[in-house]
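Q: Next up is a structure, given as structure tokens.
The values are calculated or read from the model by the stated rules, or taken from the named source; none is laboratory data. Predicted model, so just to flag it, every value in this text is computed and none were measured. Ideal geometry is used to build each Cβ from the backbone, glycine not excepted, and the neighbour counts take in all protein chains shown.
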Amino acid sequence: MALDHYDVVIVGGGPAGSSCAWRLCRAGLNVVVCDRAVFPRDKVCAGWITPQVIADLALDLDEYGARRTLQAITGFRVGVMGRPGTVSVRYGRPVSYGIRRCEFDDYLLRRSGAVLELGAPVRSIVRQQGKWVIDDTAAAPILVGAGGHWCPVARLLNPRADRGPVVAAQETEFQIAKEDASAFTTAGDMPELYFSRDFDGYGWIFRKQDHVNIGVGSFDSRACAAATRAFVAELQERGILPRRLLDEARWRGHAYLVSRPRSRIVSADGVLLVGDAAGLAYPQSGEGIRPAIESGLLAAEVIIESAADYSRERLATYDARLTSRFGDGRDGSSWSSRLLPGSAVAHVGAQLLKLPWFVRHVVLNRWFLRADEMALAA
């Protein structure tokens, strides 16, 4: 079989890989993206994109939303699992947009301009004469790992088990039949977030036009499945979810690292990791789409500026840019570990989540929307 030569090989076609490919292709580089999935893929995710992401990717919302789900978010409802009452925060304008990952990922990948090699897992990665050779079919002097938490490129750079904090999540997403629409009381523009009592995770219900996404994410992987069952039961008791419509829901589990503390090597001679492969999800919210896209764009800029010098020393500028953007990884794994002593988390945290000011300015603006962080494009 003939070996095809490229300027860059990217393993993983999600938001990190496709954003990196898009920027590289715009600069005139010849890029191939390899992914085991066939797109559009079945990808379950709460899924929202902020105005900063829209700016960084130069997205035309009218064009994107004409044929795809694009749910404007103008507020949130926040509470604590097992405790009555919520705080509603309204902004009066869209502060984020809900998307379906099966549509969003496919859109970004198709518009990237890269050559696409889809539908087969990467089985072999070897270094030959200064180039990375993938499955004896594609070769390039630089390799970008963008294949998520279990990315083979990430495992190549980090062969030992991860020691950083891992978020485990279980979620489901399904279409709401028209006759059942009134049984779901969550407003499309007001996703609902419910923190666990120990503040090591939270659950959500997010209605995106005619679809709904429900899930739980937690730093306690062993308790995630039980927490999900309890959360669904609570939503049903609150009258937010109909009891009968979840019987056939398909629940998906996945895991990923957060960015603090940083635990993975993300660069080496001729290699960069982006997105979940690099372990960059925000520790406070577990959100990974924006860090994936920003890291993909940062990696692309480093590749472009390197002028084909892909030595470890030259690529170390990528590490510096990640640190500048996402922090140095030394300030704890979750917001509660930085804010409160362990014995006070459940009590004080629950009291704080009753305060509209705290919910708006800290939980939402700072942790979930990252409203004070400008887009890279700015």
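Q: Within the range 130-160, can you find the residues that are farther than 14 Å from VAL9 by Cα, out of contact with any Phe, Trp or Tyr (no Cβ under 6 Å at 6 or more places or on another chain) and either not aliphatic (A, V, I, L, M) or not assigned by TED's automatic domain parsing to the domain that holds VAL31 (or both)?
A: GLY148, TRP150, ARG155, ASN158, PRO159, ARG160
Q: Within the range 166-211, track down each residue that is at positive phi and at pLDDT 90 or above.
A: GLN209
Q: Could you list, in sequence order, all residues of the range 46-87 that are touching a residue at least 40 places away in the same chain (Cβ under 8 Å), within 17 Å of GLU294 (Cβ to Cβ) and surrounded by 19 or more Cβ atoms within 10 Å (Cβ to Cβ)?
A: GLY47, TRP48, ILE49, THR50, GLN52, VAL53, ASP56, LEU57
Q: Restricted to the range 163-179, and to residues that are of a type outside the set (Asp, Glu) and assigned to a strand (DSSP E or B), which residue is farthest from SER218 (Cα to Cα)?
A: Among those that are of a type outside the set (Asp, Glu) and assigned to a strand (DSSP E or B), it is GLN175.
Q: Right, another one. Would you confirm whether any residue within the range 113-126 is part of a strand (DSSP E or B), among the acidic types (Asp, Glu) and either closer than 19 Å to TYR282 by Cα or out of contact with any Asp or Glu (no Cβ under 8 Å at 6 or more places or on another chain) (or both)?
A: Looking for residues that are part of a strand (DSSP E or B), among the acidic types (Asp, Glu) and either closer than 19 Å to TYR282 by Cα or out of contact with any Asp or Glu (no Cβ under 8 Å at 6 or more places or on another chain) (or both), one finds none in the range 113-126, hence no.
Q: Here's a follow-up. Quick one: how many residues across the range 4-17 are within 15 Å of VAL122 (Cβ to Cβ) and part of a loop (DSSP other than H, G, I, E, B)?
A: Selection size over the range 4-17: 4.
Q: If you check ARG127, ARG111, ARG67, ARG83, which single one turns out to be of a type in the set (Lys, Arg) and assigned by TED's automatic domain parsing to the domain that holds GLY203?
A: Just a single option satisfies the conditions, and that option is ARG83.
Q: On to the next question. Out of all the residues in the range 236-288, which are part of a helix (DSSP H, G or I) and touching a strand residue (DSSP E or B) at 6+ places or on another chain (Cβ under 6 Å)?
A: ASP276, ALA277
Q: Now for a different question. Considering only residues that are under 25 Å from ALA16 (Cβ atoms) and in a loop (DSSP other than H, G, I, E, B), which ones fall in the range 67-82?
A: Answer for the range 67-82, where residues must be under 25 Å from ALA16 (Cβ atoms) and in a loop (DSSP other than H, G, I, E, B): ARG67, ARG68, THR69, LEU70.
Q: I'm trying to understand the selection: among the residues of the range 83-101, which are small (Gly, Ala, Ser) and part of a strand (DSSP E or B)?
A: Selection gives SER88, SER96, GLY98.
Q: Then there is this: Could you identify the single residue in ALA223, ALA249, ALA177 that is in contact (Cβ under 8 Å) with a residue 24 or more places away in the chain, surrounded by fewer than 22 Cβ atoms within 10 Å (Cβ to Cβ) and out of contact with any Cys (no Cβ under 6 Å at 6 or more places or on another chain)?
A: None of the others qualify; the one that does is ALA249.
Q: Name the residues in the range 127-162 that are farther than 19 Å from LEU315 by Cα, part of a loop (DSSP other than H, G, I, E, B) and within 22 Å of the chain's Cα centre (by Cα), would you?
A: The answer is GLY147, GLY148, HIS149, TRP150, CYS151, ALA161, ASP162.
Q: Also, quick follow-up: Would you point out the residue of the range 35-50, among those that are of a type in the set (A, V, I, L, M, F, W, C) and outside any loop (DSSP other than H, G, I, E, B), that is nearest to ILE99 (Cα to Cα)? Give the derivation first.
A: Initially, the range 35-50 is screened for residues of a type in the set (A, V, I, L, M, F, W, C), giving 37-39, 44-46, 48-49.
When the remaining residues are screened for being outside any loop (DSSP other than H, G, I, E, B), the result is 48-49.
Values: TRP48: 6, ILE49: 7 Å.
Per the criteria, the residue is TRP48.
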